[in-house]
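Trainee: This is the structure I have questions about; it appears just below.
The values are calculated or read from the model by the stated rules, or taken from the named source; none is laboratory data. In this text, all values refer to a predicted model and were calculated from it rather than measured experimentally. Here Cβ is always computed from backbone atoms with ideal geometry, including for glycine, and neighbour counts include all displayed protein chains.
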Amino acid sequence: MSISTHGSKKVPRLHAGALSGKPVWPDCGEPPTHPVITQPSPFRYFKTSPEVIRLAVMLYVRFPLSLRNVEDLLRERGIDICHETVRQW
């Protein structure tokens, strides 16, 4: 799929081999050689694993729980985290 400009809009355009399941590089037939820029992890500043942070934030946001309730639920699962740590996440 390439992008053609139509006025000020960018409109995606399919190529003949786009539906074959293979990546299609319309410019030269080869994949790009420039380095792929990846986004830094949003968890890079925390010592706790991302799974624990996701669970704690999901519990706090999804259900009407206080930070201390989230702390208690995590402690029941064997995760010893202070409610202040959950607040910082």
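Trainee: I'd like to verify a number: residues in region 53-66 that are surrounded by 15 or more Cβ atoms within 10 Å (Cβ to Cβ) and assigned to a helix (DSSP H, G or I), how many?
Mentor: Total satisfying the criteria: 5.
Trainee: Considering only residues of region 18-60 that are touching a helix residue (DSSP H, G or I) at 6+ places or on another chain (Cβ under 6 Å) and at pLDDT 90 or above, which is farthest from LEU74 (Cα to Cα)?
Mentor: In this case the residue turns out to be TYR60.
Trainee: Output the residues belonging to region 67-88 that are in a loop (DSSP other than H, G, I, E, B) and of a type in the set (A, V, I, L, M, F, W, C).
Mentor: Correct list: ILE79, ILE81, CYS82.
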